[in-house]
Each structure stands twice: as structure tokens, then as C-alpha cells.
Amino acid sequence: MKESDLFFPIKSWLIKDIGCNEVYGEVGLCDILGLSGPMDIIVETKTRLSFKLLDQVRDRLNYAPYVYMAVPIPKGRKWPARVIREFMDQNKIGLIYVDMHADHHPIYVFQKAKFNHHFKKMRKVYSIRHSIRNYSSKQVGGVKGGESITDYSETIRIIKGFMRREGWVTVDQILEVCETHYASPKPSVMATLQATWNQSWCETKKEGRLRYFRMKRNAKEEFI
């Protein structure tokens, strides 16, 4: 089982049982973010309870008033050790077990998260909602780094779609249509399209003083 397998049961639980109107995957450093009106709920997922998971949820207390950790339900329903339960109580962290073999109710809430005050100081300078991107609603939480959508991969996806439709284009033509995440779009897109790691799908030529780019006709389209 992978962490990402837990995403859809948890998303359904956040919407149906908790009342979240929006659920996102991979927002900032968080696996899952649920929004219920002005309230933020963070869920960190792992394939088992571990010190790494405890460390992550302790950090996430800075970013949301309600924080949960979620793992697959253990065989024989062996519940967490006392030291973990004490950690949860002290930090007001909730614990969710996910039963992937259950047909109707895969979520078992071992302990509900309680309102914590750690996030208040941080929220004055940063809100987790600032990390929500236009692709976050399509992102599955708990995926490995190389499989997740990033600002860069979304920029490349948009540029690929435009180049596939238009053929040879200049960077200026790309930027008239395509929004990017770059602070300095023109030099950054120019450098990216000429980078060796993009040569498998992008070709370039220069006519006079203008440089043109085109998506190779045999290149694989990777639209998300």
C-alpha cells in the first residue's frame, strides 16, 4: 500500500463527515488540506505510525487549528502505544485509521483532533491557504516527490499545450497566452526550453535575431 492510496477515503470523510467544502492534496508541505469555511484541517499520511509522522504532525500544528495523522488500520486492530497516545493528547492531534477493505465506512477515527493554539502566531505572517495553487484540487496527497504536480511541471504542461497547437513560437508569443510561476518569465522560459532535460520534447531554431521553439511531433504529451 502507498500513502497516496489513503487520499480518496480521507477526502470523502473530510467532505461528508467533517463538512469540508474543499479538499486539496500536497499543499505546501502538507499531504492533505481540508477547508471548512474559515477553518483549516491538515491530515498527514503514512503507511504506518512512525517517529517521522509524529515529527511532521507536530510541525503542522503551526499551520492549522486541527491536525490529524492517518495510517492504514493495523492488523488485529493493535492500537497505538501509550507514549503515542500521550503525545497526541498533549498536542491535541487526531488519529485516523483507514480500512482499505471496508466497503462503506473505511474511516475509523481513533481520536478526534482538538483545537490548538500553536498556529496563531504563524498565521499572522503565513497562511497555509497561500500555498494553494490552481492545480491543487487535481493533486493526490501522499504521492512521492517525483510524482507530484509542482509549479514547474504545471508551467511546462501549459507551455506544451500551447506549442502543440501553434507549432513554431517565440517566447514572447508563449508569454502572451501562458501564465508561468517565474519571477522573471522571459529569461527563465528561454533558459528552460533550451535546457538539456527538455530536449526530448522541445526543439529550437534561430531565424535572424529571433529564437523559435516547437514541441517535437513524436514527443509524448503529458497533460494532467
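The values are calculated or read from the model by the stated rules, or taken from the named source; none is laboratory data. These numbers come from a predicted model, not from an experiment. Glycine also receives a Cβ, built like all others from the backbone with ideal geometry; neighbour counts cover every protein chain displayed.
Is it fair to say Phe115 is closer than 19 Å to Asp31 by Cα and surrounded by fewer than 11 Cβ atoms within 10 Å (Cβ to Cβ)? Against the criterion (closer than 19 Å to Asp31 by Cα and surrounded by fewer than 11 Cβ atoms within 10 Å (Cβ to Cβ)), Phe115 does not qualify. Here Ser188 does not qualify as loosely packed, with under 12 Cβ neighbours inside 10 Å, of a type in the set (S, T, N, Q) and out of contact with any His (no Cβ under 7 Å at 6 or more places or on another chain). Going residue by residue through region 79-88, is there one that turns out to be within 25 Å of the chain's Cα centre (by Cα) and of a type in the set (A, V, I, L, M)? The answer is yes; a qualifying residue exists.
Return a yes/no flag: does region 51-70 have any residue that is assigned to a loop (DSSP other than H, G, I, E, B), assigned by TED's automatic domain parsing to the domain that holds Tyr108 and either at positive phi or without any contact (Cβ under 8 Å) to a residue 40 or more places away in the chain (or both). Looking for residues that are assigned to a loop (DSSP other than H, G, I, E, B), assigned by TED's automatic domain parsing to the domain that holds Tyr108 and either at positive phi or without any contact (Cβ under 8 Å) to a residue 40 or more places away in the chain (or both), one finds none in region 51-70, hence no.
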